[in-house]
1. Which order do Asp122, Asp49 fall in if you start with the one that has the fewest other Cβ atoms within 10 Å?
2. How large is the charge dipole for the chain, taken about the Cα centre, if only the Cβ atoms of Lys, Arg (+1) and Asp, Glu (-1) carry charge, to the nearest 20 debye?
3. Among Gly128, Gly146, Gly84, which one moves the most in a GNM of the chain with springs linking Cα atoms closer than 10 Å?
4. Quick one: Karplus J couplings for segment 151-162, per residue in order, coefficients 6.51, -1.76, 1.60, θ = phi - 60°, nearest Hz, x for Gly and Pro?
5. Which whole-number percent gives the relative contact order of segment 46-173, counting Cα pairs below 8 Å spaced six or more residues apart?
6. So what is the 222 nm mean residue ellipticity for the chain from helices alone, if each DSSP H run of at least 4 adds -39500 (n - 2.57) and you divide by all residues, rounding to the nearest 500 deg cm²/dmol?
7. Which one, Phe149, Phe23, Phe65, has the greatest fluctuation when you compute a Gaussian network model over the chain with C-alpha springs under 10 angstrom?
8. Mind counting lysine pairs for me in the chain? Cα separation below 30 Å, and the two need to be 8 or more apart along the chain or on different chains.
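A short reminder: the numbers here are calculations on the coordinates, not readings from a lab. Values in this document were obtained by computation on a predicted structure and should not be read as measured data. Glycine also receives a Cβ, built like all others from the backbone with ideal geometry; neighbour counts cover every protein chain displayed.
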Amino acid sequence: MSAEGLRAKIREIPDFPKPGILFYDITTLLKDPAAYREAIDLMVEPYKDERVAVVVGMESRGFIFSSPMAYLLSAGLVPVRKLGKLPAETITVEYALEYGSNTLEMHRDAIEPGQRVLIVDDLLATGGTVNGTIELVERLNGEVVGLAFLVELEFLKGRDRLAGRKVTSVIKY
């Protein structure tokens, strides 16, 4: 199945979560075993030779893709969560949203200095959340080798905020 074939599996829902927004619902892709497998394979392919030690999955839909990718890369899996969800000592970063801000956290012992890290999420929009995650990884002295997404909303120019980084996405809108 091609990227276009995968794109056809994504349901578009107008005016969700508010008027004027076109929501790309990936649950219709996820429930199709062949499409889900192909999405994972296409997301992991550019990183097979990168010697990834840790895959960082961003809450919450990033977990859907980061877990099988970590397995395929023989890497560890580290979740980045919203504030208050992790039980041990954490580091945090606050990042701007369109209206307000949000806070992400990661366990302080999640990444060792020099480890090669792949950051994974379902969607690249403005790049704010992934920039916050990059900051957390780099504060622990991890080396970000790439940023993998299933979907990229090119019109929001999130990739521009990630200049100089390896950014891959399977489906572009």
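1. Values: Asp122 22, Asp49 7.
The order, fewest Cβ neighbours first, is Asp49, Asp122.
2. Working: 21 positive and 25 negative charges, 21 e Å.
Dipole about the Cα centre, nearest 20: 100 debye.
3. Gly84
4. With coefficients 6.51, -1.76 and 1.60, one gets 10, 10, 8, 4, 5, 8, 6, x, 4, 4, 6, 10 Hz.
5. Values: 274 pairs, mean separation 29.9, N = 128.
The value is 23 percent.
6. Working: 5 runs with 46 residues, N = 173.
Theoretical 222 nm ellipticity from helices: -7500 deg cm²/dmol.
7. Most flexible of the set in this elastic network: Phe23.
8. Lysine pairs meeting both conditions in the chain amount to 29.
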